[in-house]
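First comes the structure, then the notes that go with it.
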Amino acid sequence: MNKNIFIKGVNISVQKIKDRGRGVVANRNFKKGDIIETAPVVVISASEKRYIKKTELFNYYFDWGPKSKMAAICLGYGSIYNHSWTPNAEYIYREKDEVLVFRAIKPIKNGDEICTSYNGDAADKSPYKFRKNGRMLDAE
């Protein structure tokens, strides 16, 4: 097995991405609108969300619930998708079902990295922060 592939699924895999760590890569072509993955989440209460900011999970959680007061840790590949200001996929909240649906917003070719906008909307270019080596940094 290729040492750069961490997990190989049927449609997507987790691979080492140069200068980015791990990322999700397409194992087949996806058309615009195709569902890439439906990933369950573990919901974190509003009272516990504040603790996430002091841990490595800060880089992996999704805001959740009314007014984003709760958090969710996405299972499956969901927390591994990298950010792009020009994403090829989006995530859709299905809070009632406690899942995130990842969907192609443009054609994705076999072997392409699949990226989302961490702002939740490809058109939203507002800054956000992430933690690296214990320091808060702006997204690139």
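The values are calculated or read from the model by the stated rules, or taken from the named source; none is laboratory data. Just so we're clear, the structure is a prediction, and the values are computed from it rather than from any experiment. Every residue, glycine as well, gets a Cβ built from its backbone with ideal geometry; the counts of neighbours run over all protein chains shown.
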Quiz item: So, in the stretch 50-101, of the ones that are within 26 Å of Lys18 (Cα to Cα) and among the polar types (S, T, N, Q), which residue ends up surrounded by the fewest Cβ atoms within 10 Å (Cβ to Cβ)?
Solution: Thr86
Self-check item: Pair list, Cβ under 8 Å, 6 or more apart: the stretch 54-77 residue over 16 Å from Glu95 (Cα atoms), other residue in a helix (DSSP H, G or I)
Solution: Phe58/Ile52
Quiz item: Considering Lys96, Lys53, Lys69, which residue is touching a helix residue (DSSP H, G or I) at 6+ places or on another chain (Cβ under 6 Å) and of a type in the set (D, E, K, R)?
Solution: Lys69
Practice problem: Would you please list the contacts, defined by Cβ atoms under 6 Å and residues six or more apart or on different chains, that run from a residue in the stretch 25-49 that is surrounded by fewer than 19 Cβ atoms within 10 Å (Cβ to Cβ) to a residue that is basic (Lys, Arg)? | Solution: Asn29/Lys109; Lys32/Lys106; Ile35/Arg103; Ala46/Lys69
Quiz item: Tally time: how many residues in the stretch 1-30 are farther than 21 Å from Ser84 by Cα and modelled with pLDDT of 75 or more?
Solution: 1
